[in-house]
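A.B. asks: Sharing a structure, written as structure tokens. Questions coming.
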Amino acid sequence: MPDIQTFLDAVRAAYLDWGYALVLVGALLENTILLGLVLPGGTIVLLGAVYAQQGAMSLPLVLLLAWIGMVLGTSCDYLLGRYGVRRLLAGTRLMAKLDPGLAKAERYLERHGPWAFLLAHFIGHTRSFLAITAGTSHLPYRRFLLYEGIAALVWNSAFVGAGFVLSENVEQLQRLLSGGGVIVVLVALVLYVGNRLLRRRRRAGAPVRSM
């Protein structure tokens, strides 16, 4: 059985050396339509908040880099939609999987307007579909950047802030459960990431319901 403490020490060392870059890249990858489906970028950002609470990183910098990474990621999706995702992927299995999400995002954008950007950040991977839809509908990039920038700031403030506050209880949990505390935290983290991936795959493959 691998040494859990050694693993945690290695993760901490990685964040001490590369933490800010990890947060930036993790947030970027989490918010691109393809890589975001398989990579736990949100978990990488959340760990940045945990180490910020422990004093190893700066919370304002974690928040800033998570925000920049998110905006860069959704901007990639916007450009993908603007310059022909349907044309590039026409007839492929990938396009068949993306179509239901894109159709839903189109209705979402029509119904809620600018508010759709904020709401989409609280509904899993919808933000990427919405960014692609904004590109295919030729929403001006400056307007997209304004809407997405505000939405990403609100989301990251809530997400990173929650991670910072909740991580204050990790040491108490570890003391309460002795050595098993670390294992419980890791198992919970794995289950959280696995559940998100499963829900995303089911959502991507679900049929579109008529309104």
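A.B. asks: Considering each of Ala152, Ala131 in turn, give the residue that is under 13 Å from Leu63 (Cα atoms) and under 15 Å from the mean Cα position of the chain (by Cα).
C.D. replies: Working: Ala131 fails: under 13 Å from Leu63 (Cα atoms).
Step by step, each of Ala152, Ala131 is checked, and only Ala152 is under 13 Å from Leu63 (Cα atoms) and under 15 Å from the mean Cα position of the chain (by Cα).
A.B. asks: Just the residues that are surrounded by fewer than 19 Cβ atoms within 10 Å (Cβ to Cβ) and in a helix (DSSP H, G or I), please, taken from the stretch 137-146.
C.D. replies: Of everything in the stretch 137-146, those that are surrounded by fewer than 19 Cβ atoms within 10 Å (Cβ to Cβ) and in a helix (DSSP H, G or I) turn out to be Tyr141, Arg142, Arg143, Leu145, Leu146.
A.B. asks: Pairs, please: C-beta under 6 Å, at least 6 apart or cross-chain, first residue within 14 Å of Trp115 (Cβ to Cβ) and in the stretch 135-153, second not in a helix (DSSP H, G or I)?
C.D. replies: Listed by first residue and then by second, the contacts come to Tyr147/Pro114; Ala151/His121.
A.B. asks: Exactly one of these conditions fails for Leu63: (1) in a loop (DSSP other than H, G, I, E, B); (2) at pLDDT 70 or above. Give me its number.
C.D. replies: (1)
A.B. asks: What number of residues within the stretch 1-56 satisfy the criterion of being modelled with pLDDT of 80 or more, assigned to a loop (DSSP other than H, G, I, E, B) and either touching a strand residue (DSSP E or B) at 6+ places or on another chain (Cβ under 6 Å) or of a type in the set (A, V, I, L, M) (or both)?
C.D. replies: Result for the stretch 1-56: 1.
The values are calculated or read from the model by the stated rules, or taken from the named source; none is laboratory data. This structure is a prediction, so every number in the text was calculated from the model and none was measured. Note that we place each Cβ from the backbone using ideal geometry, even for glycine, and neighbour counts take in every protein chain shown.
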